[in-house]
């Protein structure tokens, strides 16, 4: 196997891996709705759990604010008993009224959060209890696809081993040039010559280049698209 054979095979294996990986991650059409419904349940559970944590945090913060407000209310009550003039008395009363409003608002907020937390805990408990059964049912519906995924995993592992071997056998300079073209040319760095033309851009190949390709001793590029050309002796 010469370097062109190796590069062509390497590209084939790389494209195979990309294709099979995509296939592995693509849920079959008949299972999309089933998988979507399950994922929605899991996402709802995660959102509920996150909201419960946040609500508990908000409740603790509101309770701390309520404690501070009640202390402030006591302080103003003490000041009210020690004022020396009607003007000071009125000013302290205004402060007390303002704190009273804040206390009522904060108490309402704490109560609402406590009710939300209680409901969320009950809902979360029910969902967590039912999730294992739902997960088992979900996996049972997807079992044939999981088997197919494991088969693809085996194919990918074998292909990756071959890719590693081929890359080790190809000289660093040719390997680097191949990788550069793979990135630049949309994953198609080396292309077959078909009917005397480049199979990518369909431009005729010079006869001298064809002879060089048949010898298989050096890398030759398409004059038009600048991809590496490959002459398949068996297919040509």
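Read-outs: derived from the displayed coordinates by stated rules, not from any lab. Please read all numbers here as calculations on a predicted model, not as lab measurements. Heads up, the Cβs are rebuilt from the backbone with ideal geometry, glycines too, and the neighbour counts pull from every protein chain shown.
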>> Nearest 10 degrees is fine. How inclined is helix 29-82 to the longest principal axis of the chain, computing both from alpha carbons?
In response: 30
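Relative contact order for the range 13-156: what is it in percent, counting Cα pairs under 8 Å that are at least 6 residues apart?
Numbers: 59 pairs, mean separation 62.3, N = 144.
That works out to 43 percent.
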> Given that just one value was derived from the coordinates, which of (1) 24.4; (2) 22.6; (3) 25.4 is Kirkwood radius over Cα pairs in Å?
Replying inline: (3)
> To the nearest 10 degrees, how steeply does helix 86-141 sit against the main Cα axis of the chain, on a 0 to 90 scale?
Replying inline: 40
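Could you please tell me the mean projected area of the C-alpha convex hull for the range 152-201, averaged over all directions and given in square nanometres to one decimal? Don't skip to the answer; put the middle values down first.
Numbers: hull surface 19.5 nm².
Mean shadow area of the hull around the Cα atoms is 4.9 nm².
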>> Given contacts defined as C-alpha pairs under 8 Å and at least six residues apart, what's the relative contact order of the range 171-230, whole-number percent?
In response: 30
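Taking 2.2 N^0.38 Å as the expected size of a compact globular protein, what ratio does the Cα radius of gyration of the range 171-230 give against it, to two decimals? Don't skip to the end; give the middle numbers.
Numbers: Rg = 11.1 Å, N = 60, 2.2 N^0.38 = 10.4 Å.
Against the empirical 2.2 N^0.38 Å value, I get 1.07 for the range 171-230.
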> What residue among 221, 76, 38 shows peak mean-square fluctuation when the chain is described by a Gaussian network model with Cα springs under 10 Å?
Replying inline: 76
>> Test of understanding: in a Gaussian network model of the chain with alpha carbons linked when under 10 Å, which of 203, 83, 42 would top the mean-square fluctuation ranking?
In response: 83
> Counting each DSSP H run of 4 or more residues in the chain as -39500 (n - 2.57), what helix-only mean residue ellipticity at 222 nm follows after dividing by all residues, to the nearest 500 deg cm²/dmol?
Replying inline: -28000 deg cm²/dmol
> Against the longest principal axis of the chain, how steep is helix 172-184, in degrees 0 to 90 to the nearest 10, with axes from Cα atoms?
Replying inline: 60
> Under a GNM of the chain (C-alpha, springs under 10 Å), which listed residue has the highest mean-square fluctuation: 97, 153, 144?
Replying inline: 97
> Quick one: if you stick a label point 7 Å off each Cα along the C-beta vector at residue 215 and residue 155, how many nm between them?
Replying inline: 3.9
